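The values are calculated or read from the model by the stated rules, or taken from the named source; none is laboratory data. All values reported here derive from a predicted model rather than from experimental measurement. A quick note on method: Cβ atoms are made from the backbone with ideal geometry, for glycine too, and the neighbour counts reach across all protein chains shown. To get the accessible areas, we keep the full protein, side chains included, count just its heavy atoms, and leave off ligands, DNA and RNA. Shrake-Rupley method; radii C 1.70, N 1.55, O 1.52, S 1.80 Å.
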Amino acid sequence: MSRSKETKILRDEFCGTLDRLDLAIYIAWSDTLTRYRRSALGPFWLVLGTLISVGGLSLVWGALFEVELETFIPSVCIGLVVWYLLSGTLIEGASGFYAQRTLLLNIHVSSLFVSTTLLFRQLVNFWHNFVVIVIVIVIFPQNFKIEVFPIFFVGLFLVSVCLLGVIHLVGYLGARFRDLSPLISAVVQPLFFITPVLFRPDQLGTAEFVAALNPLTHLLRVIRDPLMGEIPPVSTWLVVVGLTVVSCTLASLMTISKRQRLAYWVN
Amino acid sequence: MSFIKVRNATVEYPIYHANSMSLRNRLVSVGTGGAISRGVKNVVTVKALDDVSFEINEGDRVGLVGHNGAGKSTLLRTLAGIYSPTSGEIEIEGRVSTIFELAAGMDNELTGYENIVRLAMLAGARKSEAKNLIPEIEAFADIGEFMAMPVHSYSAGMLTRLAFSVAVAIRPEILLIDEVLGAGDPEFQKRAKQRLKSVVESASIFVLATHSKEMITLYCNRALRFEHGRLVQDERL
């Protein structure tokens, strides 16, 4: 493929997304509205679920491990909410394009736009769940430091960009290989147990490398640590920035070489 | 000045069957040199458009005719930028709007009003423009109280009315239509025909794929006949 054709594909994709950001927000917003309409609590059912999980886990694991509750409960709570964001994007990303096939087959639409709407939907969920975090921090404010808090937004932003790349990439792969979606669902579950959601990386002792090698650990930490009054270590930032660059680069390369196939894949 | 230029365009269409869409089968075939999992690489390719060349200029109202599978719909989707030609070139000047599957982009859980905004924005309108279109679309669709209900409660006819009303409310420069005007009651059909006539006249280029001779004589001044993906006849009417 000629260079000019490659840049044209990328330009169309980016312009087609930036141009329609208002539509992406509208779709994410109306999607949230319909969920409120179907049940009075709407997405807060999700929040209720999170709340129950946090409460139950805190009681049981708190008793099992004999940890300080004022550190343990916020840590588990923030960890779970971030985990839902990470696992949700991974699982939904794989079927993202296929789920929007009528759109892709009937309207000339940027594939990045489709990925962006998926990310926005996940972020809406995240902010709903954030209510649980606020509640827990109000009850256990010991670790929270207001001067560290702004770093949370930097972390969330970086993770969002990284996830956009991931959604886009697995979206393409999942459109071509339909069994990728169930495969990812199956893998995400065990990943939960080696990702420091229910524990802190430093509790692992000599096995800490397991957490360090797991990219999800670092994505989790740049969001969780600032809410726990800690600044994430430089190595974690480096890994997250690296992951973001890699996921976005791979997603761009995938788009350049396969954008023109996508319509046939989801057909 | 709007135009469409198609030069030696060929569109080859891979047809994947279930096995070739499986990552597991692909891995097995790599691991075993393809001996066990036969047929994984059997991706059949269909040549839907074969070396097609033509030009459409401002004022052309083109009807695409031919048997089922002659390549009419593929051509429309290629002109819309959904499919890309495997070889050859397509050059298009002007904002393209499409009416292919009527319900494409609708969300069943949303009300008629919300779907109007959504569909209009998908077709390229800004949010404020889309909202301004609501009264006109509501009047034309004429489905009364149902406008405020979720779309999943609509009958097929009502869906067609809504989707068609949105599609013709946006005045495109280039309008591509894949025959869709089958549904709706006779009264609506009549109004739809009139409206389509005025939309077709205001668009600078209009391309319609249809089997109906009546539609061709009604809307078109040029007919392209396709057979097995080849352009076999180009006549002025």
Would you call residue B:56 open to solvent by less than 50 Å² (accessible area, probe 1.4 Å), modelled with pLDDT of 90 or more and in contact with a helix residue (DSSP H, G or I) (Cβ under 8 Å, 6 or more places away or on another chain)? no
Condition check: of a type in the set (D, E, K, R), under 26 Å from residue A:132 (Cα atoms) and surrounded by fewer than 20 Cβ atoms within 10 Å (Cβ to Cβ). Does residue A:22 satisfy that? no
May I ask you to list the residues in the range B:180-237 that are open to solvent by 40 Å² or more (accessible area, probe 1.4 Å), hydroxyl-bearing (Ser, Thr, Tyr) and closer than 25 Å to residue B:104 by Cβ? B:198, B:202
Could you list all residues from the range B:139-151 that are more than 9 Å from every other protein chain (Cβ to nearest Cβ), more than 23 Å from the chain's Cα centre (by Cα) and either open to solvent by less than 80 Å² (accessible area, probe 1.4 Å) or not charged (D, E, K, R) (or both)? B:139, B:143, B:144, B:146, B:147, B:148, B:149
Filter the range A:7-19 down to the residues that are over 30 Å from residue B:110 (Cα atoms) and within 13 Å of another protein chain (Cβ to nearest Cβ), then identify the one that is surrounded by the most Cβ atoms within 10 Å (Cβ to Cβ). A:9
Determine whether the range A:136-146 contains at least one residue that is under 19 Å from residue A:238 (Cβ atoms) and crowded, with 23+ Cβ neighbours inside 10 Å. no
Looking only at the range A:233-265, which residues are within 14 Å of chain B (Cβ to nearest Cβ), over 21 Å from the mean Cα position of the chain (by Cα) and closer than 14 Å to residue A:170 by Cα? A:258, A:259, A:262, A:265
Unmet requirement for residue A:73, which otherwise passes all of (1) farther than 21 Å from residue A:248 by Cα; (2) crowded, with 16+ Cβ neighbours inside 10 Å; (3) within 12 Å of another protein chain (Cβ to nearest Cβ): (3)
All but one of (1) modelled with pLDDT under 90; (2) touching a Ser or Thr at 6+ places or on another chain (Cβ under 9 Å); (3) open to solvent by 50 Å² or more (accessible area, probe 1.4 Å) hold for residue B:33; state the number of the condition that does not hold. (2)
Can you list the helices (runs of 4 or more DSSP H) found entirely within the range A:179-267 that contain at least 2 residues being aliphatic (A, V, I, L, M) and touching a residue at least 40 places away in the same chain (Cβ under 8 Å)? A:180-194, A:215-227, A:234-265
Number of the condition not met by residue B:82 [criteria: (1) closer than 23 Å to residue B:203 by Cα; (2) more than 9 Å from every other protein chain (Cβ to nearest Cβ); (3) surrounded by 19 or more Cβ atoms within 10 Å (Cβ to Cβ); (4) touching a helix residue (DSSP H, G or I) at 6+ places or on another chain (Cβ under 6 Å)]: (2)
Scanning the range A:91-112 for residues that are more than 12 Å from chain B (Cβ to nearest Cβ) and in contact with a Ser or Thr (Cβ under 8 Å, 6 or more places away or on another chain), the one farthest from residue B:98 (Cα to Cα) turns out to be A:91
Sort out which residues of the range B:87-123 are touching a Lys or Arg at 6+ places or on another chain (Cβ under 8 Å) and more than 16 Å from residue B:75 (Cβ to Cβ), and write them in order of number. B:105, B:106, B:107, B:109, B:110, B:117, B:121
Please indicate, with yes or no, whether at least one residue in the range A:33-48 is within 14 Å of chain B (Cβ to nearest Cβ), in contact with a helix residue (DSSP H, G or I) (Cβ under 6 Å, 6 or more places away or on another chain) and at pLDDT below 85. yes
The residue from B:38, B:24, B:61 that alone is at pLDDT 90 or above and either away from chain A (no Cβ under 12 Å) or in contact with a Phe, Trp or Tyr (Cβ under 9 Å, 6 or more places away or on another chain) (or both) is B:61
Would you be able to tell me the number of residues in the range B:131-148 that are modelled with pLDDT of 90 or more and closer than 21 Å to residue B:98 by Cα? 7
Checked B:95, B:77, B:126 against criteria (within 12 Å of chain A (Cβ to nearest Cβ) and in contact with a Phe, Trp or Tyr (Cβ under 7 Å, 6 or more places away or on another chain)); the one match is B:77
